[in-house]
Every structure is written in C-alpha cells, then in structure tokens.
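Shown next, in structure tokens, is the structure this report addresses.
The values are calculated or read from the model by the stated rules, or taken from the named source; none is laboratory data. Given the structure is predicted, the values throughout are model-derived calculations rather than measurements. When we count neighbours, we look across all protein chains shown, and the Cβ atoms used for this are built from the backbone with ideal geometry, even at glycine.
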Amino acid sequence: MPLNLFSRVEPTLGPDEEAYRLHFFATDRAQARASATLVLTLMAIVFALELRLAPMDRIGAITVVRSVFFTFSLVLFVSLRGLNTPAVLDRASLVWSIGFALQFVLVALFRPPTGVDTTALLVMILAMYGLASSPLASRTVAPAIVSVGSLLAFTYTRRDPDFSLWPSAVMVAIVNALGFVFSARLHTQRRRQFQSEMQLRASLKERDALIERLRQSHKMESMGRIVGGVAHDFNNILGTMLTTGSLLIDELPAGSAAHADAETMLGAVRRGAELTKQLLAFSRQQVLELKVVSLNELVADTQRMLMRTIGENISISVSLGDHLSAVRVDPGQVQQILLNLAVNARDAMPGGGVVSIRTRNVTLEVPTIMSHSMAEPGPYVVLTVADDGTGMDERTMSKIFEPFFTTKPKGRGTGLGLATVFGIVEQSGGHVRVESAPGAGTTFEIFLPAVAERPVRRDTPHDAAELHVPGGSETILLAEDDPELRLMTARALGSLGYTVLQATDGIDALRVAQDHQGSLDLLTTDMIMPAMGGTALARELSARRPGLKVLFMSGYTDDAVGRGELKPDDPFLQKPVEPTVLARKVRQLLDTRKAG
Ligand SMILES: Nc1ncnc2c1ncn2[C@@H]1O[C@H](COP(=O)(O)OP(=O)(O)OP(=O)(O)O)[C@@H](O)[C@H]1O
Ligand SMILES: [Mg+2]
C-alpha cells in the first residue's frame, strides 16, 4: 500500500456517518493529549535539572524561555479545549511541536549540553512522532527541527572539549528513523482499519437494501395474489354480462330508450372488463401471447400512436439500438407498457418537454438490484422511457407499482398504469428499474431477457375488417364450466348461424363429441375446468377427430398454463371475450386451411 505522507488518513463516508468519524477523531485527540502530556512532563523534569546544574548566569535566560513555552502550551491547550475537527487538531499539533522545537533549540544556546539533554531529546522525538494522526509529513517537521537545531546548538555552544557530538548525532538519526517507521505503521494500520470498517458498512448497507427489495417483492407478490383472485371471479361475471348485454341490444329495437339503456350498461361492463384486465395484468395472471419480436420494430410501430396520444407540446425522441437482440414478449402488452410510461411522462411535464425512448442491449455481469427484484446475470434488451418532468421523491417511488396508487387528482388517474407495467414485465421474465429525483425527471428502464432466436415479423390488423361480424354454419363444441357464460356464449355463436354443442368440462366434452354423429369443426374451450382442463381435452379430441381446430379461452392462468402448456401460437382469447371478437376469431380459425 503506497504511503501518502501529505494527507491525513480519514474515512470518506457520507454525512450520516458523522458518529463514526467522531469516534475516530476522539481516538486521535486522546493520542495527541497523551503525547503532549508526556513531552511536558519530561520538559518539567529537564527544567528542574537545569535549575540545579546550569551555570548561575544562564538560569535567568533559560527560565524565561521555558516559562514562555509552558505559558504558550497552557494557552494553546485551554483555547482548544472544545476542539472538534481533525484539521484543527492537526494544526494545533503542528504549532505546538514547532513551539516546542524552538524553545529546545534556544535553550541549547544558553547552556552547555549534558547527557540529560541527549536522553531527553531522544524520548521527546519519539513522543512527537506519536502526536495525533496528522499527515506524516507534518508530523516529521517538529522532530526534524528539534534534531537538527539541537545538534547545531550543541556544536555552537560546545565548551566541553571531551563532549563528542557524533554518538549523539547517530542516536538522534536512529531514533528519528524509528519514530518515522513507528508513525508510518500507525498510519497504515489506521488506513486498514478505516477500509475494513468501510467495507463492513458497505456490505451492511447492501444487505439492508436487499432486505428492503425482498420485502417489497413479497408485498407485491401477496398483493398480486389478492388482486388476481378477485379479478378472476369478476372476469366470469363480466363475461356473462357482456355476452347477455350484446344479445339484449340485438333484440331491442334500435333507437328505443331500452336500447340506449342497454348500451349504457354495456359500456359500464366494458369499463369493468378493462379494469379487471389491468388487475389480472398486475397479478401476472393474464395470458400472454408470447412472440419472439424485435423491440425496435415494436417501438417504431407504436411511435405514431404515441404521438397522437400524448399531445402537441410533448415531443418524442426515439433512439433505437443497433443489432438489438430479440425478446420473447406479448407485443400488444409491450405497446401497452410504452403507452402507460409515455402517458405518465406527459403528465409529469405539464409545461411540455421531451419523452425519450431508447432501446439497447445490456449484459449484466452480476446479480443486479432492480426496483423490486434481483435480475440474474445475462443478456438483456433494455427499453428506456425517460422524461425531464417533475420527478418523484423516495416515498412516492416506493409505491408507484402498487395498484391504485396515484398522486393525480380524483378522476385523472386510476393508479393502475404502472401496476400493469410491472405485472407484464415480471410475467415476461423481465425487471423494472426506476430512477428519479424531485425536479430531475424520471427514467424507467425495462429489462427484458434477450433470446437467441430471430424475431418474427408482426402482421398488422386490417381496420376495415374489424367492423364486420362474420357468421357461419359449422359445428362448434363449447366446453365451459361456468353455466351462465356457457349459455350466453352458445347463444351468441348460435345467433351467427353456427351449430353449438355444449359441455360442462373436458370429460363431458369428450362424451358429447362421441355422441355427435356429424362433423365437428371447432372446439372452443375454457382452460381450467373441474374434470379435465382445456389443453388435455384438446389433445384427446384432436387425436380422435383429426383436423379439428381449437380455440382456448381463459381469464386466469398461473405461470404453468400461461407459458408451459400453451404453445405460443395456440389460438387464444383472453376472457372476458367480446362477442364480436369471438365471432371474428372463430371465423378466422375456421377459414385457415390446415397446412399440408
Ligand atoms: N414519469 C413520471 N414522473 C413523475 N411521476 C410519475 C411518473 N410516472 C409515474 N409517476 C407517479 O407514479 C404514480 C402512479 O403512476 P401510474 O401510472 O401507476 O398511475 P397514474 O398515472 O396515476 O394513473 P393511471 O396511469 O392509472 O391513469 C403517478 O400518480 C405519479 O405520481
Ligand atoms: Mg399512469
């Protein structure tokens, strides 16, 4: 370890470490006090000897010099009693040592040197090296003056021809060297002590941060379970209402008051369904339609929509990373993330500003702490959405991902935006990191695991076709355990011309299929049912009736169903399903020819 002669050994710690710093300072002060006391005591002994041994005519001058020194020491010590900073202690030690050195040299001019002088000189040099922990260089100043000055004074005042200076000079040199080494060792030890204390503190801090993250992630986890449970049950209820409402509207005369009422009701149901969907997203229980895509392509596709949504006085700056790796995500959900983050950024910049969206590849070398989780090392694609708006304080930041947390006035925000972002990202195996400070803007970073596969091109929906509700005459087997929802879905499909066979679960569906003599074109099944779930049913039935098309529906899946059982391109609809969406999907499936 290089020895720095000019700087004080001090921990560089944050302001909250004041107590720690003071503790070390107290040790320094005690050490300085002990050294000074030792030197003063020795000085008093030497002075007593001088009074007895020095020539009478010199006693006056010697007494004056010694008295001045004792007075100077007294004044210095009294005035620095409450001394409380290392810099002041260093300065005081230096001033006092120089005062000491000068009086020592002065006295040597007034009387012949004796053996006592040499001994006292040596002990004092050592004591001075021990004086506080000021920079090593300034600690050597005083002993150096004492050594050289005394030797010169001894030579100058030499009256005793037998007195030989050389042994003294050698001794002084040796003691100086010893003092320096001893002092340097103290210096090094002290530095080590600081370093290990600092390391300890750093690791304690890191541990605290980890515990906090863990607590946060547990909190989100249990919140997710509660919210997900409620949302799941609501989903089926809303599904029934949505289907019934649609049928009702068709039956009511257009333009009638009842028709308008039904429209209003359906509007409310749709809002409820939207809310439920967000809650399911937060609880990571929404079924994701995972596709391997390029984030750059997704961002580029979404950019126009964002510009339209976030208004005129906000501009969007997009910077897409080169050679970006692909990610496995639900493209629609990533667009939702972008939209939510961009809208938040807009709200944070009431006076206008720039939302900057960036993509880049990042490889994490070590486990990295994210906002509510730990990211494993590995390659990621990072989507950054940053604004230079109002920013957030620590307290706000710790809550932003909780559902219904909002700082916006009533009616302006539901507090579900970031909750869904969080859920979607976590469910996709990714992580979120937020950096923000009041007045300093906010940066959201979405880390998504990079995959080695090549991205598939996304097809864009045709707007014109979306208005048309197609029907047909094929036969559909509908397996759904919720009786009301089953009935309503069957009615909706029936009204479009299809023949609908109903089953209450997988086993029942197999029985119904067995009993049915004619052709069976499509199986529409819920995923989770009491006796035999959707995937098992689809497998069984496809084996018995080759060419059968299958459409899965669910409002709720745990991770196993969401990612494992369902293949990425298995046709799937998220409940609650709008009758028109169902009709379109059914038609689309029936119209696709089996490849080969
Ligand atoms: N870019 C940002 N700058 C400053 N604060 C933000 C930013 N993004 C989010 N916040 C804070 O986080 C809170 C929660 O955001 P979230 O998107 O979840 O809900 P919301 O925007 O209030 O409502 P919603 O998005 O449901 O309409 C916001 O109310 C706001 O205080
Ligand atoms: Mg929001």
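Here are a few things to note about the model shown:
- Consider the stretch 68-109 and keep the residues that are assigned to a helix (DSSP H, G or I) and among the hydroxyl-bearing types (Ser, Thr, Tyr). The one that is farthest from the chain's Cα centre (by Cα) is 71.
- Residue that is modelled with the highest pLDDT [pool: residues in the stretch 549-565 that are under 19 Å from residue 236 (Cβ atoms) and not aromatic (Phe, Trp, Tyr)]: 551
- Any hit, the stretch 375-395, residues being surrounded by fewer than 17 Cβ atoms within 10 Å (Cβ to Cβ), assigned to a helix (DSSP H, G or I), under 19 Å from the mean Cα position of the chain (by Cα) and of a type outside the set (Lys, Arg): yes
- Tally, over the stretch 87-117, of residues that are surrounded by 16 or more Cβ atoms within 10 Å (Cβ to Cβ) and among the β-branched types (Val, Ile, Thr): 3
- Flag for residue 179 being farther than 21 Å from residue 414 by Cα and in contact with a Phe, Trp or Tyr (Cβ under 6 Å, 6 or more places away or on another chain): yes
- No other residue among 367, 461, 409 is modelled with pLDDT under 95, away from ligand 2 (no atom under 16 Å from the Cβ), surrounded by fewer than 20 Cβ atoms within 10 Å (Cβ to Cβ) and more than 30 Å from residue 205 (Cα to Cα) apart from 461.
- Qualifying positions in the stretch 354-367 - in a strand (DSSP E or B), over 11 Å from residue 445 (Cβ atoms) and under 17 Å from the mean Cα position of the chain (by Cα): 363, 364
- Residue check, residue 317 within 27 Å of residue 216 (Cα to Cα) and either in the same structural domain as residue 447 (by TED's automatic domain parsing) or surrounded by fewer than 16 Cβ atoms within 10 Å (Cβ to Cβ) (or both): no
- Scanning the stretch 576-584 turns up no residue that is at pLDDT below 80 and surrounded by fewer than 17 Cβ atoms within 10 Å (Cβ to Cβ).
- Selection status of residue 469, at pLDDT below 95, within 23 Å of residue 273 (Cα to Cα) and more than 16 Å from ligand 1 (Cβ to nearest atom): yes
Listed here are the residues, each with its yes/no results for (1) among the β-branched types (Val, Ile, Thr); (2) at pLDDT 85 or above.
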| position | (1), (2) |
| --- | --- |
| 196 | no, no |
| 203 | no, yes |
| 207 | no, yes |
| 233 | no, yes |
| 237 | yes, yes |
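- Residue among 540, 484, 474 that alone is in contact (Cβ under 8 Å) with a residue 24 or more places away in the chain and under 47 Å from the mean Cα position of the chain (by Cα): 484
- Note on the stretch 478-495: residues that are buried (at least 19 other Cβ atoms within 10 Å of the Cβ), in contact with a helix residue (DSSP H, G or I) (Cβ under 8 Å, 6 or more places away or on another chain) and not β-branched (Val, Ile, Thr) amount to 8.
- Restricting 343, 366, 355, 299 to those that are more than 14 Å from ligand 1 (Cβ to nearest atom), in contact (Cβ under 8 Å) with a residue 40 or more places away in the chain and aliphatic (A, V, I, L, M) reduces the list to 299.
- Residue in the stretch 215-223 that is surrounded by fewer than 18 Cβ atoms within 10 Å (Cβ to Cβ) and closer than 24 Å to residue 493 by Cβ present: no
- Within the stretch 396-452, the set of residues being more than 9 Å from ligand 1 (Cβ to nearest atom), in a strand (DSSP E or B) and either in contact (Cβ under 8 Å) with a residue 12 or more places away in the chain or not acidic (Asp, Glu) (or both) comprises 431, 432, 433, 445, 446, 447, 448, 449, 450, 451.
- Test: residue in the stretch 330-337 that is within 30 Å of residue 224 (Cα to Cα), within 16 Å of ligand 1 (Cβ to nearest atom), in contact with a strand residue (DSSP E or B) (Cβ under 7 Å, 6 or more places away or on another chain) and modelled with pLDDT of 90 or more: yes
- All of 314, 237, 226, 310 fail the test of being more than 38 Å from the chain's Cα centre (by Cα) and not polar (S, T, N, Q), apart from 237.
- Condition met for residue 224 (modelled with pLDDT of 90 or more and closer than 27 Å to residue 285 by Cβ): no
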